[in-house]
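The values are calculated or read from the model by the stated rules, or taken from the named source; none is laboratory data. Treat the numbers as computed from the prediction; the structure is a model and nothing was measured. Here the Cβ positions follow ideal geometry from the backbone for every residue, glycine too, while neighbour counts run over all protein chains shown. Surface areas here come from the heavy atoms of the whole protein model, side chains and all, with no ligands, DNA or RNA. Shrake-Rupley method; radii C 1.70, N 1.55, O 1.52, S 1.80 Å.
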Amino acid sequence: LSSSSTSTTGAARGCARRCRRRRIARCVARSTPRSADEDVDRVGVLDVMCGRRQGAAMLATLATTIGGGCAHAATTSSSSLFCGYFDEYSNGLVPQYAFNTPWNEGYVDGADGAKTFVRGVGDYKKAKKEANAPVFVIANGPGISHEYLSGVETLSGEVGGAREVFEYDQRGCGKSDAVGGERNIDVYLNEARDVVKALRLADEGGAHVLAHGYWGARIALTLALETPGLVRSLTLVSPAPSYARQVADWRLALDDVSPSARDAILAYEQDLDARARPAYDDAMREFSSKFVTRRGASGGCFDRALAPASCDAQRLAITGAKYFTLDGSLAQDT
């Protein structure tokens, strides 16, 4: 955090202490409401943002609560906390308000019983008072956690928490459950539907939907077309008209990396030989430095997100575990 790390850390710890006190005093999860007029809102899904009350009706969708508080752990570098954040006026330094924003994490139960990890940032009551619609973030995929888009969370902090930002880990990656049966895009469409329903995004006036890549755009557009009242605005980042076109564009981009990196990528994707995986990962980092982020160490979180080995199972079924070769069930997605 550069020269401001000490003061920012102190502010974050102080906020965390205040949040813990409020959680103990006012934010204990209960199976029944205080009274018949208890307000029921998204808090029942993600436990409690500081100062929000818990309603019984939404508790059925909550599998397990991880916790909540104010700010991220201030002992970690800001580049890994808010991946991709950059402000030319602050030389890339994440502002202090980002570390003081209330947050909460929990799980949403899917229709099939699987759990999806959801992270929420912001203050529900403040957002309602100022009539700020939430932001709902859909990551690229398949098989990428939300963390590489965590810089979007600053959209909440810049208005003092008066806007909620929701992100989730797609099934089989990050902190969400693995996919138990057939792996295809329908699994992830249903997962997104479950999260939207549990967070009551359409019921409470809609959200600004931000989606990344072909995969994220595919999910977001489907939700927008089938869910009246969900979308206040729709922002698609780097979408492609089809998965085949995305693969073709990425394959063309290989001409701009080193010959050794290009050969390592294509060699691995030919037969997915585990012995070639280390060279493939190195080559993907070179590709990322040219086409994903040019911010060096501050963009390292993108490198980790691009080809996580822990998420290979669904990538194998859906894309053939390949970025530059058309394969898997998604090859038929038009």
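General remarks:
- Conditions (1) modelled with pLDDT under 75; (2) among the small types (Gly, Ala, Ser); (3) open to solvent by 10 Å² or more (accessible area, probe 1.4 Å); number of the one not met by GLY143: (3)
- Only one entry of THR235, THR334 meets the criterion of being among the hydroxyl-bearing types (Ser, Thr, Tyr), over 27 Å from ALA178 (Cβ atoms), open to solvent by 50 Å² or more (accessible area, probe 1.4 Å) and modelled with pLDDT of 95 or more, and that entry is THR235.
- For segment 122-146, the tally of residues that are farther than 22 Å from LEU223 by Cα and outside any loop (DSSP other than H, G, I, E, B) stands at 6.
- Residue check, GLU204 surrounded by fewer than 24 Cβ atoms within 10 Å (Cβ to Cβ), out of contact with any Cys (no Cβ under 9 Å at 6 or more places or on another chain) and over 21 Å from ILE318 (Cβ atoms): yes
Each row is one residue, and each column tells you yes or no for (1) open to solvent by 50 Å² or more (accessible area, probe 1.4 Å); (2) outside any helix (DSSP H, G or I); (3) among the polar types (S, T, N, Q).
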{"position": "GLU191", "(1), (2), (3)": "no, no, no"}
{"position": "ARG218", "(1), (2), (3)": "yes, no, no"}
{"position": "ARG245", "(1), (2), (3)": "yes, no, no"}
{"position": "SER260", "(1), (2), (3)": "yes, no, yes"}
{"position": "ASP281", "(1), (2), (3)": "no, no, no"}
{"position": "SER288", "(1), (2), (3)": "no, no, yes"}
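- Pairing each residue of segment 237-250 that is in contact (Cβ under 8 Å) with a residue 12 or more places away in the chain with any residue that is of a type in the set (Lys, Arg) and surrounded by 14 or more Cβ atoms within 10 Å (Cβ to Cβ), provided the two are 6+ apart or on different chains, yields C-beta distances under 9 Å for PRO239/ARG218; TYR243/ARG218; VAL247/LYS322.
- Number of residues in segment 192-220 that are aliphatic (A, V, I, L, M) and more than 16 Å from PRO142 (Cβ to Cβ): the value is 8.
- Residues located in segment 154-174, provided they are touching a Lys or Arg at 6+ places or on another chain (Cβ under 9 Å), open to solvent by 10 Å² or more (accessible area, probe 1.4 Å) and of a type outside the set (A, V, I, L, M, F, W, C): GLY160, ARG163, ARG171, GLY172
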